[in-house]
1. Can you name the residue in region 562-587 that is touching a strand residue (DSSP E or B) at 6+ places or on another chain (Cβ under 8 Å) and in contact (Cβ under 8 Å) with a residue 60 or more places away in the chain and, of all such residues, is surrounded by the most Cβ atoms within 10 Å (Cβ to Cβ)?
2. For region 117-127, check the following and say yes or no: at least one residue is over 31 Å from the mean Cα position of the chain (by Cα) and over 23 Å from Leu63 (Cβ atoms).
3. Just need a number here: residues in region 478-496 that are under 19 Å from the mean Cα position of the chain (by Cα) and of a type in the set (Asp, Glu).
4. Just to be sure, is Arg289 of a type in the set (Lys, Arg), under 16 Å from Leu412 (Cα atoms) and outside any helix (DSSP H, G or I)?
5. Filter region 529-581 down to residues that are part of a loop (DSSP other than H, G, I, E, B) and within 29 Å of the chain's Cα centre (by Cα), then give me how many there are.
6. Give region 239-255 a look and list any residue that's buried (at least 18 other Cβ atoms within 10 Å of the Cβ) and closer than 18 Å to Ser457 by Cα, or say none.
7. Show me the strands (runs of 3 or more DSSP E) entirely contained within region 393-452 in which 2 or more residues are farther than 17 Å from Leu288 by Cβ and touching a residue at least 60 places away in the same chain (Cβ under 8 Å).
8. Considering region 466-483 alone, what residues qualify as being touching a helix residue (DSSP H, G or I) at 6+ places or on another chain (Cβ under 8 Å), part of a strand (DSSP E or B) and within 16 Å of Arg289 (Cα to Cα)?
Amino acid sequence: MRTHLSRELPALGAGAAVVVCGWVQRRRDHGGILFVDLRDRGGLVQVVFDPARPEVFARAEELRSEYVLEVSGILRQRPAGTENPALPTGAFEIDATGLVILNTADALPFPLDEPDIGEAVRLKYRYLDLRRAVMRDNFHLRHRLIRTARRYLEDHDFLEIETPMLTRSTPEGARDYLVPSRTHPGHFFALPQSPQLFKQILMVAGFERYYQVTRCFRDEDLRADRQPEFTQLDIETSFLDGQAILGLMEGLVKAVFRETIGVDIPIPLPRLTFDEAQQRFGSDKPDLRNPLEFVEISDLVRDVEFKVFAAAAQDPKARVVAMRVPGGADLSRKALDDYAAFVAGYGAKGLAYIKVNDPVAENGLQSPILKFLGVAVVREILARTKAQAGDLLFFGADSARVVNEAMGALRLRVGSDRGLVAEGWQLLWVVDFPLLEYDEEHRRFQAMHHPFTAPRSDDLSYLLTDPGRVRARAYDLVLNGTEVGGGSIRIHEPRLQEQVFGVLGIDAATAREKFGFLLDALRFGAPPHGGLAFGVDRLCALLAGAESIRDVIAFPKTQKATCPLTEAPSTVSAQQLADLALLSTAPRV
C-alpha cells in the first residue's frame, strides 16, 4: 500500500511520486483548496487536495478527523512563507493525485489535541488516547529504554532467560494473585510477585549472568506509582560483590539516560547509608534536588522547659530535629497553620517554629516557644543550623518514625512551595538497610526487603542475639526522590538461610513447605550471587515527565484495579467455576 512513511519524505526531494497511509489529524478548507495533516507512525505530512482534480477533491470533502486514508501524489516544496519549521516534513507537502478512504471514524468522544482529558474517559477509549502525540512519545521512550538496557546487558555477557508466570504461592509481602488449577482441583498457581527464587536457582544452575524484562503481579492497594501488574528489568549475577554490582549497574543507568533522553549523568553515583538518609532527610529515598535537611538537636534540648522537646530528647526511640528554610521568615501565620495541619496528617502533634528576623538583634527572633528554651540553647540551635537573617526554623519532636515521616513530608512540601527544588536529575544509591524490621502489631521481625537478602558479615554475631541491629547487604537506586530499583546480595549458604528463616519466625516445617526447592538447590554448590530489579514503569514515567505510571503503560488499571476498556475483572459462568471446582460466595451484580 504505502511506499514511504512521512519522516522519509524530506530525503526524497521534490518531484518524487509517493503513496502514504495514515489518519486524518486535521482538515482545513482554505479558499476552496483542502489541506489535510496526515498522521502515521513517522509523524505528520501536509496533503493538498486541489479542485482541479474534481473526482479526488470530491472524495476529500468527505474527510473527517481520524478517517483512515491511502493518498498517492507528488511531493513538492511548500510555497515560500508557508513552511512549518516545527515539523520535520514542514518544508514539503503532497499534491494529492489519488485518494482511497480505507475506513471512516465516528465522532470522537474527546478531541485528541485536548491536554486535559479526564482519565476515566482516556482509559475507556485507550486506543484513541494512545494516538495522541504525548502518548506516542512516551512509548517510543519506553522502547528506547528497554532496547538500551538489553544491549548493555548483552554486551556484558548477560543472558535473557524467561521464568514461569504460573508458580507456587509464597506470600511474604503483598498478596498473591491466585490461579485455580483445573487439572488439580483445590490447588492453585500464583502469578509471580517477582522472579526472585527462580533467578537464584539460575545462579545455582551456573548461568552466572541472567536478565529478563518480565511482568510481575501484586494484589495490593494502588497509588500513582503502583499497578497490580507491572514490568521490571530483573538482573542477577554470580561472583560479584555489592560494590561491583553497583558499578556495573551505574554503567547501565548512564547508557539509559544517554540513549533515551540525551542526558549524560556523572558516575559513580553518590551513596548514602540508610541511617544517614533517615537522619538528614527522614526518608530512605531522599530527593537530593531539595536543599532542605534536618539537623539533630536532641542533645541541646534534653533539659529545656519545653516538655515536648525535652521528653523526645530523653527517649532513645525519639528524636528532635530542626529544619532551616532559607528566607522562610516571610511566611504568614496562615501558612504556618497550614503546614501544622499538614504534618498532623502524618501523626505530628504540632509544628514548632522560630522566625529568624535578625539572629543578633535583641528582639530579632519570633516564636511562642523561645521563653521555654533559654538564650544559650537558642544560640546553639542557631549556630548548628547556620540560620541567617530572614530564615525560618521548623522543629519536629516525637518518635523517630513520626518525626521522619512528618518532617520528611514537610521537607518535600516546603521545598516545592518555595521553589527550592533544582531542575535536572539526582541519582543516588541508598545502602546498608536494616535486614529486619519489627512488626509491633504481630510482635515479630519481618524482612525489610525479602528473606533471601544476606546480612552484612560484620553484623552476623547479632543475628540471633540482637536481630534489629543487623544491616543488610541491600541497595536501592533513587531518582529524584523515587525508588526506581533495588536489590541485594543473596544468602547462598543453606545454614544461614535457615537461621534467617528462624529469626523471622518461619519454622523448619513451614520453610520446607514454602521454600524447600530453594533450600535444596542451595545445598548443591550455590555460588555467591546478587542482583537487583529496576521498575521499568516508574523509571520510564520519570524520564518522560509523566504524572503517573499509567501514562507509560499501554493498558493500565485504574486505582481500583479495574480496566475500563475491557471492563475487567468480570464474573464468569457457573460452568467455568464448576470446571475449576470453585464456588463463588460473592453476590452477582
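The values are calculated or read from the model by the stated rules, or taken from the named source; none is laboratory data. Since the model is a prediction, treat every value here as computed from it, not as a measurement. Because the Cβ atoms are built from the backbone with ideal geometry, glycine has one as well, and the counts that use them run over all protein chains shown.
1. Leu580
2. no
3. Looking only at that region, the number is 1.
4. yes
5. Looking only at region 529-581, we keep the residues that are part of a loop (DSSP other than H, G, I, E, B), and these are 545-548, 553-562, 564-567, 569-573, 580-581.
Checking the rest, the ones that are also within 29 Å of the chain's Cα centre (by Cα) come to 545-548, 553-562, 564-567, 569-570.
Going through region 529-581 one residue at a time, the tally reaches 20.
6. Leu240, Gly242, Ile245
7. 444-447
8. Leu477, Leu479, Thr482, Glu483
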